[in-house]
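Below is one structure, written out as C-alpha cells, with a few remarks after it.
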Amino acid sequence: MKKIVSGIRPTGSLHLGNYFGALQNFIRLQQLDDADCYFFVADYHSLTTHPHPDDIRGNVKKIIVDYLAAGLDPERVTLYVQSDVPEVIELYLFLNMNAYVGELERCASFKDKVRQNPNNVNAGLLTYPTLMAADILLHHADFVPVGKDQMTHLEMTRSFGNRFNRIYGVDYFKEPQAFNFNNEPIKIPGLNGSTKMGKSEGEGNAIFLDDEPAVLKKKVMRAVTDGGPTQPNQPKPQAIENLFQLMRVVSAPETLAFFEEKWNDMSIRYGDMKKQLAEDMETFVAPIRERIHQFESDDAYIDRVIRQGAEKSRVGARQTVQDVREIVGFRRMD
Ligand code: TRP
C-alpha cells in the first residue's frame, strides 16, 4: 500500500481550475487499489490570514461538500479536517525545534506573503512549511499530489524528515515524492485573459462548481476576446488561446476542431464559440452542482463523514506521535 496525503486550503467554493488541477487527480487516486489516501482540509493553515470563525466553519463545510459532490468517496479515502487531528500539532512542535529561521525566511512562499502583507508577518506564516511537513510525515506519505507551487514545501518536508532521522540516528521518516498523473499538470486559464483561473484573479475570471446556469453563461459570454484574426492560421493571443484551452478540457474533440478551423480560416464568431463553451461547461458542472445542493442540505451526513475521517486519521497519527515522543526521549502515552 502506498500512502497518499494532500491538503486543501479552505478558501471557499472550488472552481474548474481546482477541479482539473487537483480534484481530478484525487478522484483517480482513490480508484487505485494500492493507494491509501488521506485528503484533508488545512484549516490550521488558514489561520495565518486571521479569518472570522464563521468563515472558517462555512468554508470547511463547503470544501468537504464540493469534494464529495465531485466524486470523492469517504469509504475509499480518508477525508478529514486537519484540526480534528490535533496530533499534527505535537509533531509540528518537534519539527519546529530543528527548523531554522534562516531556511524558513528564505522560502519563496514566505517571501511572497511578506511582500503582499508586510503588516501581518506572523510566526505561523514563517512556520507554514513545518506544519505542512507535519501533515505529510504524520502519515508517512509516499506521494503527495500537489501542483508546482508546492514543490519547495515538499523539498523542505524531505529535509525536515531527513534531519530528524540524522539527529536521532533513526530511519523513521521516509521521503515523500510529488505526484501527478499527467507529466505536465493541466493548466486552466481564466475568462478575463489571465493565464490562471483563480479566486483572487478578479470577478468573472473563474467558473465555480456551484455556479447557477445563468451565472455560468454570463461569465463565459463576457470572457475577454479581441477584434478577431486578421490573417489565416495566425497564432492566438492569450485571451483567445484561453477559450480554446477551456474548450479542450470540457468540450468534445470535434467541437474543438470545428472552432480551430474557423479560427484558421478567419470565419470564427466568438459569440458562437462562447455559447458552445458555456453549454459544454454547463453539461460538465450540472451534475456536480446538483450533488452540491444535496450535500449542502444534509448536515448530518457531512458531520458523519468528517467524524469518520478524523477517527481513521487519528489511528495512524497517534502512533506516529508516540513513536516520535519516544525517539525524542519523552514518555509514550499509549
Ligand atoms: N500548502 C498547500 C496549499 O497551499 C496546502 C497543504 C497544507 C498541503 N498541508 C499540506 C498540501 C500537505 C499537501 C500536503 O495548497
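A few points about this structure:
- Model label sites at Asn233 and Glu75, defined 7 Å from Cα along the beta-carbon direction, differ in position by 5.5 nm.
- For the range 210-294, the solvent-accessible area of protein heavy atoms averages 54 Å² per residue (probe radius 1.4 Å; ligands and nucleic acids excluded).
- Convex hull volume of the range 176-334 per residue (C-alpha atoms, cubic angstrom): 175
- Computed FRET value (nearest 0.05) for Ala214 with Gln294, which takes r as the C-beta separation and R₀ as 22 Å: 0.60
- Whole-Hz Karplus values for the range 265-282 come out as 9, 6, 9, 5, 10, 4, x, 5, 5, 5, 4, 5, 4, 4, 5, 5, 5, 4 Hz, taken residue by residue from phi with 6.51 cos²θ - 1.76 cosθ + 1.60 and θ = phi - 60°; glycine and proline positions read x.
- Solvent-accessible ranking of Ile268, Ile327, Ile167, largest area first, probe 1.4 Å: Ile167, Ile327, Ile268
- Net length available on complete extension from Ala178 to Arg318 is 47.9 nm, with 0.36 nm assigned per residue and the Cα-Cα distance removed.
- Within straight-line cross-link reach of Lys187, lysines at Cα separation under 21 Å, skipping those fewer than 8 residues along the same chain: Lys148, Lys196, Lys199, Lys219, Lys236, Lys274
- Inverse of mean 1/r across different Cα pairs in the range 210-294, Kirkwood, Å: 13.5
- The aspartates and glutamates within cross-link reach of Lys262, meaning a Cα-to-Cα straight distance under 17 Å and a gap of 8 or more places when in the same chain, are Asp226, Glu241, Glu254, Asp272.
- Between Lys187 and Thr283, the modelled labels are 2.7 nm apart [label points 7 Å from Cα along Cα→Cβ].
- Whichever aspartates and glutamates have a C-alpha closer than 13 Å to that of Lys3, once near sequence neighbours (fewer than 8 apart) are set aside: Asp33, Asp34, Asp36, Asp135, Asp142, Glu175
- With DNA, RNA and ligands ignored, accessible area of Asp265 (1.4 Å probe; Å², nearest 10): 90
- GNM flexibility winner over the chain from Val77, Val114, Val41 (Cα, springs under 10 Å): Val114
- Residues whose placed amide H lies under 5 Å from that of Gly12, excluding near-sequence neighbours: none
- Compared with the alpha-carbon gap, the fully stretched path from Glu155 to Asp272 is longer by 37.5 nm at 0.36 nm per residue.
- Taking all protein chains together and rolling a 1.4 Å probe, Tyr92 ends up with roughly 50 Å² accessible.
- Once the C-beta distance of Tyr100 and Val121 is scaled by a Förster radius of 30 Å, the resulting FRET efficiency is 0.95 to the nearest 0.05.
- Gain on full stretching of the segment that runs from Ile167 to Arg331 - 0.36 nm per residue minus C-alpha separation: 57.2 nm
- Pair Asp34, Glu311: separation of 7 Å Cα→Cβ label points (nm): 3.0
- Put simply, the convex hull of the Cα atoms in the chain casts, on average, a shadow of 19.0 nm².
- For Lys2, nonlocal amide neighbours, meaning residues 5 or more places apart or on other chains whose placed amide H falls under 5 Å from its own, are Ala35, Asp36.
- Computed over protein heavy atoms with a 1.4 angstrom probe, the accessible surface ordering of Met132, Met1, largest first, is Met1, Met132.
- Once backbone amide H atoms are built at 1.01 Å from N, Ala178 has Val144 as its partners under 5 Å, excluding neighbours fewer than 5 places away on the same chain.
- All C-alpha pair distances within the range 103-189, sorted into 10 Å bins from zero, spread as 16, 41, 32, 11, 1 percent across the bins.
- Percent accessible area from carbon and sulfur atoms, the range 180-334, protein chains only, probe 1.4 Å: 50
- GNM result for the chain, Cα springs below 10 Å: residue of Ala278, Ala300, Ala69 fluctuating most strongly: Ala300
- With θ taken as phi - 60° and the Karplus curve 6.51 cos²θ - 1.76 cosθ + 1.60 applied, the whole-hertz 3J(HN,Hα) list for the range 258-263 is 4, 6, 4, 5, 5, 5 Hz, x standing for glycine and proline.
The values are calculated or read from the model by the stated rules, or taken from the named source; none is laboratory data. Treat the numbers as computed from the prediction; the structure is a model and nothing was measured. Here the Cβ is made from the backbone with ideal geometry for all residues, glycine too, and neighbour counts use every protein chain on show. For the accessible areas, the whole protein counts, side chains as well, though only heavy atoms, and no ligand, DNA or RNA atoms are used. Shrake-Rupley method; radii C 1.70, N 1.55, O 1.52, S 1.80 Å.
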